[in-house]
1. Per DSSP helix of 4 or more residues, -39500 (n - 2.57); summed, then divided by the residues of the chain. What does that give at 222 nm, rounded to the nearest 500?
2. Grab the alpha carbons of the stretch 1-82, take their convex hull, and tell me the volume per residue in Å³.
3. In µm²/s, what is D for the chain at 37 °C and 0.692 mPa s, where D = kT/(6 pi eta Rh) by Stokes-Einstein and Rh is the Kirkwood radius from Cα pairs?
4. At q = 0.14, 0.21, 0.26 Å⁻¹, work out log10 I(q)/I(0) for the stretch 165-222 with the Debye formula, treating every Cα as an identical point scatterer and leaving solvent out; two decimals please.
5. To one decimal place, what orientation-averaged projected area in nm² is obtained for the convex hull of the Cα set of the stretch 55-159?
6. Loop-only check: which GluC sites (Glu not before Pro) in the stretch 161-250 are DSSP coil with at most 11 other Cβ within 10 angstrom?
7. Return the distance in nm (one decimal) between the two label points of a simple spin-label model at ALA42 and ASP219, each offset 7 Å from Cα along Cα→Cβ.
8. Output needed: percent of Cα pairs per 10 Å distance bin for the stretch 131-289, bins running from 0 to the one holding the longest distance.
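Please treat every number below as a calculation from the coordinates, not as lab data. Since this is a predicted model, take the numbers as computed values, not measurements. Cβ coordinates were reconstructed from backbone atoms using ideal geometry, including for glycine residues, and neighbour counts include every protein chain displayed.
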Amino acid sequence: MDYRGSVRPFVHFNAKHDAEILHKSMKGIGTDEDAILMVLSARSNDQRQQIKAAYKKAYGKDLVSALKSELGGLFENLIVALMTPPVLYDATLLHKAVKGAGTDDQVLIEILASRTGDQIKDISKVYKKEFGGKLEKDISSDTGGSYGRLLVILLQGSREEGVEEDKIENDAKDLYAAGEGKFGTDEEKFITILGNRSSEHLQKVFDAYKKISGSDIEDSIKGETTGNLEDLLLAVVKCVRNVPGFFAESLYNSMRRAGTDDDTLMRIMVTRSEVDMLDIRANFKKMYGQSLYTTIQEDTAGDYQKALLYLCGGKD
């Protein structure tokens with residue numbers, strides 16, 4: 001597999017040296033934001049953890065606390081996110097999503113629809129260790145109905161493997177019968193099939209579905225469901241079809257409206273920078289006819305903007 005992230009491990013990496021640069025950038029009057037930016041956005045997350053350890057060893061202080069006391073606003077939030085190990089970052093986002101006033105369904109949907117089964121299992125472990133509760137219990141008590149049940153299915157992180165040729169036609173017929181083919185919707189069928197089958201299998205089911213019903217599964221979901229369940233089913237379908245395309249669309253929606261949804265913009269740029277940012281950029285260009293880089297440039301400002309552009313990695 002060729003590497004599809006925009007942020008790569010820095011080749012001539014020296015954690016002690018980087019810790020020193022960061023220490024100097026925060027010493028005395030004023031902060032050298034550029035130095036902080038240059039170091040942290042050009043290192044992999046694993047290297048950032050090594051810098052954090054080297055910093056503590058050399059200066060007896062926690063690097064993240066030091067950065068927080070020097071920085072502010074969106075730039076601070078972004079730098080803190082970059083300093084957080086990926087699984088812990090996801091677990092923290094989910095914890096905030098269920099623990100605050102109300103539920104941040106967008107975060108639940110994005111993470112549970114897009115992460116691999118192994119990632120979800122790791123997130124659940126770290127969640128328990130870090131926050132003392134069970135992620136499944138916290139999500140169940142915060143959500144309800146078919147929406148809550150599908151989240152719990154996704155939380156198991158145990159999609160089936162491979163394609164079962166003999167099931168494709170049946171699954172497609174079941175989905176059709178559960179939705180367009182009847183009055184009212186049998187949501188259970190949707191959540192069982194979309195929550196458990198492998199991506200490769202579901203892609204074939206969607207093709208078969210189109211032959212049977214004449215329309216895309218997305219259109220049927222929009223016609224048959226509403227609210228959070230609709231959003232979650234659509235996210236699952238989009239991620240089955242094309243994960244980078246799902247994120248390109250989310251990024252576009254986070255910027256191209258009155259006011260920028262910085263939480264979403266930051267979350268995706270941080271979590272995908274070492275995964276598939278190059279593919280997200282290619283999808284973004286194809287879908288919207290402009291480069292992600294330019295869009296970020298037009299929608300953000302200051303050091304926050306500079307750091308996001310580093311994570312983006314280039315113009316298309």
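1. -22000 deg cm²/dmol
2. Values: hull volume 7.6 nm³, N = 82.
Per-residue hull volume (Cα only) is 93 Å³.
3. On the way: Rh = 21.1 Å.
Roughly 156 µm²/s, to the nearest whole number.
4. Rounded to two decimals, the profile gives -0.30, -0.71, -1.12.
5. Details: hull surface 31.6 nm².
The Cα convex hull of the stretch 55-159, projected and averaged over all directions, gives 7.9 nm².
6. Answer in residue order: GLU161.
7. Output for this residue pair reads 5.0 nm.
8. Cα pair-distance distribution for the stretch 131-289, in percent: 10, 33, 36, 20, 2.
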